[in-house]
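K.L.:
I'd like to ask some things about the structure below.
Just so it is clear, none of the values below were taken in a lab; they were calculated from the coordinates. None of the values given here were measured: they were computed from a predicted structure. A quick note on method: Cβ atoms are made from the backbone with ideal geometry, for glycine too, and the neighbour counts reach across all protein chains shown.
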Amino acid sequence: MKFQPEFAASAEVGDDFVMSPSVIKILSGALDAIAERGVRRLSMSDIIEASGVSRGTLYRYFSSKDDVLAAVAEFVCIGFENGIREAAEGIDDPIERFRQVMQFYARYTNENSPDRVFEVEPRFHLSFFRSRFARYKLAVHSALEPTFKYIEAKLGKTINAIAFVEILVRLQLSTLLVPADENWLMLWNESADSLEKWLLDTADQTV
């Protein structure tokens, strides 16, 4: 499975360069190589082969495997931040906004977790999510802030949006350990309808 890089295409990685098509190819290929070989066995030659770039192109941007791995982690995180922001942009309806964010999140997790990468290299995966967990939560919270304001207005009271977001992020990350089946994907993607029904029922009861 190839990493889907479109959401990170204009993102900066580190202070030295802005993503170019060559860099995207390198980082996408590196992810596939990690899934196949793991971080310990991964070499610069493996990255060259998986990405389809020349040795000169690889070393133009990265001097070592560690540099590539650091950029890969940031690449994935920035891609998520950009993508979830774009999924919510321009949607005034708070429930539809929630729907689009949830559907993006499920799609992004599925498309950007190369087959077997967690089994082959769990330490890399765990280190990535532990170091960037707060950024994932912030991105989701920012995208859903209008939805939370809508919910609070309907209920007439403040909700713990931070806790709600943390639950969402932890639930989605759990699919890396126990892959989501069609039933789970349906529940996840229909969560906006469930939220709207619960909200309307609860609001009616408080009138």
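K.L.:
Against the 2.2 N^0.38 Å scaling, with N counting residues, where does region 6-206 land? I'd like the Cα-based Rg ratio to two decimal places.
P.N.:
Here the Cα radius of gyration is 1.16 times the empirical estimate.
K.L.:
Another one. Tell me, what is the FRET efficiency for Arg135 and Val178 to the nearest 0.05, using R0 = 35 angstrom and their Cβ-Cβ distance as r? Please report the intermediate quantities before stating the final value.
P.N.:
Working: r = 24 Å, r/R0 = 0.68.
Using R0 = 35 Å, I get an efficiency of 0.90.
K.L.:
Where a Cα-Cα gap under 21 Å defines reach, which lysines qualify for Lys65, not counting those fewer than 8 residues away within the same chain?
P.N.:
Cα-Cα hits under 21 Å: Lys2, Lys25.
K.L.:
Now for a different question. Quick check on the exposure proxy: order Ile91, Ile34 from fewest to most C-beta atoms within 10 angstrom. Please report the intermediate quantities before stating the final value.
P.N.:
Details: Ile91 17, Ile34 25.
In increasing order of surrounding Cβ atoms, one gets Ile91, Ile34.
K.L.:
Find which of Leu195, Gly156, Phe128 sits farthest along the positive direction of the dipole of region 6-206, computed with +1 on the beta-carbon of Lys and Arg, -1 on that of Asp and Glu, about the Cα centre.
P.N.:
Phe128
K.L.:
Here is a follow-up. Taking K and R as +1 and D and E as -1, what net charge do the other residues with C-beta under 13 Å from the C-beta of Gly90 add up to?
P.N.:
Working: positive: Arg85, Arg97; negative: Glu86, Glu89, Asp92, Asp93, Glu96.
Local net charge: -3.
K.L.:
By the scheme Lys and Arg +1, Asp and Glu -1, what is the net charge of all other residues having a beta-carbon under 13 Å from that of Thr147? Spell out each step's value before the answer.
P.N.:
Numbers: positive: Arg97, Arg99, Lys149, Lys154; negative: Asp92, Asp93, Glu96, Glu145, Glu152, Glu196.
Summing Lys and Arg as +1 and Asp and Glu as -1 gives -2.
K.L.:
Given charges of +1 on the Cβ of Lys and Arg and -1 on the Cβ of Asp and Glu, with all other atoms neutral, how large is the dipole of region 155-197 about its Cα centre, in debye to the nearest 20?
P.N.:
Details: 3 positive and 6 negative charges, 55 e Å.
The dipole magnitude comes to about 260 debye.
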